[in-house]
Each structure stands twice: as C-alpha cells, then as structure tokens.
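Worksheet: the structure to be examined is printed underneath.
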Amino acid sequence: MEKQQTRYSLDKRAQDGRYPVTVDGTPTGTVHRRHGSWYATIPGHRIEARFRNRFDAAEHLVTLTDRGSRPTVPAPGDRPAVGLDMRTAGTGLAATRTYQHLVPDLRPTLPNLIRAVEAMARLAQLGWTPLEGYPGADQGWFMECRLCGWKGHRFWSHLRGRNGDQTPRPINRHPGCIPVADMRDALLNLGQERRRTCPCPVTHPTTVEAARTVLNDLGDALRGGAMLSATIHARALLEPCPASTLRAAALRLAHDQRTRARRTLGQPVT
C-alpha cells in the first residue's frame, strides 16, 4: 500500500523520469529512481541519501525544508550541465556542443565516459542528436530526432535494445515521426555522413593505440584531480566526429585491455 501523503505532494512523472515535489504547496525539488533506489533532489543542494521508494524520498524533502533548505535556482526540473563542462573549464576553451560532458548524476570516471562514447556513437547510427550530457541508461535523455526535428526525452536503455538485440523501442520512435516504412531509407541517407577515418581538425582516437594514449592521460588527470586537463582529454572522446562508431570500438577495446592490465599489476582502475 502506498504511503499516505502528508505535507508533500507528488506531481506526475516528467519526461526525464523525475517526479516534481511540492512541500506545503511550494515547489521544492524532485524525486527519481536510479538502479533500484530512489533519490531526492533540491536545486543547489547536494543530497547523498538513497531511499526505498518515492514516498520516503519525498518525505526527506519535507525534512530538508524544515531544516531551511530551499531551491537556489529556478526550474526545479532542470538539470544544469556541470562536471566536465567545456564552457567553464578554463579560459580559452570553447564548447562546440552542449553534451561534451556528463550530467551531475554521473561521476567523471573512465567507465562512465566510455559508456557515454558508446551511447552517442549508437545514437548517431539511429538518427538522434543528444542535446545534453549522457545521464546513464535509465534516466531520461533530452535529444532531437534527425528524421523530423522532434525534441524530447528518450531512455538509452530503450534505444539500445534488450538483451543485446540492439533493436530500439519503440519501433515508431516517437509520436508524430515520419512513417515507419520511410525510416530505413532516411537512416541510410544519414549513414552516408559516417566515415572510417576521422576528418576533424583535431584528430580523434580511432585506433586502439591512440585510444590507449588518451585513456592513460585522462586517467592520470582524473586521479590527480586535474579537471582542466581531464576536460581537454575528454573532448577527444565526446565531441562529435563522423568516425564516432570506430572511435567507440577502439576506446572500448583499449579500456578493457587497460583495466585487465592494471588489475593484474594491482593498480587502481579509474
């Protein structure tokens, strides 16, 4: 049986998977589910606790409100892009896209970055353009459909398919998209943009050797807390590239080899 609501109220689930919460009639934050646990968020405040259900998470927002916590930024449902952020990493560094970094829910670790690389490469094959940082598999990801221009949230866990079959769900992509019968030809046309070599002004790693070098440099920067250097190296992984499919394969292989080698030597795996 659901817990009886008291001073808080839960609104309907938003497209990004979060439930807006009001406390005493005032918009306060959100609750969301991630990997089997529930979390509470108040913009401008870091909350580490996890909860068994959404009601306990929402009740925690009541407790925080009584302690004086209040949202410090507008739009409680928004998730500001921070972390490996090109726009604020340092003087002279310019962002080329808004999704070159991870959203706050994900720590900037090599495994998370590799998952982001693979996800974005696959989205390019499927005709989607991410409009924010990779949020993880089971969180809403704001993106644009390249077949018709629709913008909205989709879950990477749905787009990557189930049990390794790589069949995106749903087949009709989203309400109002072009007819399913026309999608194959449209995706084939988009596929002509992809390349087997990197044509970008700054060469991205598309070989295992190049990928290994970038990952070693990035791992050293992350362990040393050198986030400016980490941001620069992360660009090679995350910024758009027509050879993103090849880059993702090279980085995955290099990362797995690097992980096995470091574990064999008893070294930390970043």
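The separation of segment 190-230 from segment 1-50, counted between C-alpha centres, amounts to 37 Å. Between HIS174 and ARG70, the modelled label-to-label distance comes to 3.6 nm, taking each label 7 Å out from Cα in the direction of the beta carbon.
The charge dipole of segment 130-177, taken about its Cα centre with unit charges on the Cβ atoms of Lys, Arg (+1), Asp and Glu (-1) only, comes to about 140 debye. Near ASN189: Cβ cut-off under 14 Å, other residues only, Lys/Arg at +1 and Asp/Glu at -1. The net charge is 0.
Tell me the Kirkwood hydrodynamic radius of segment 96-218 in angstroms, computed as one over the mean inverse distance between distinct C-alpha pairs. Roughly 15.8 Å, rounded to one decimal. The magnitude of the dipole of segment 103-250, with charges of +1 and -1 set on the Cβ of Lys/Arg and Asp/Glu and taken from the Cα centre, is near 220 debye.
Relative intensity of segment 176-270 on a log10 scale, I(q)/I(0) at q = 0.10, 0.13, 0.16 Å⁻¹, equals -0.37, -0.56, -0.73, per a Debye sum over C-alpha point scatterers of equal strength in the absence of solvent. Can you list the trypsin sites (Lys or Arg not before Pro) in segment 183-222 that are in a DSSP coil and have 12 or fewer other beta carbons within 10 angstrom? Loop-located and lightly packed - ARG196.
Any read-out appearing in this document is the output of simple, stated calculations on the displayed coordinates, not a laboratory observation. Computed from a prediction, not measured in an experiment: that's the story for all the values here. Cβ: placed from backbone, ideal geometry, glycine included. Neighbour counts: every protein chain shown.
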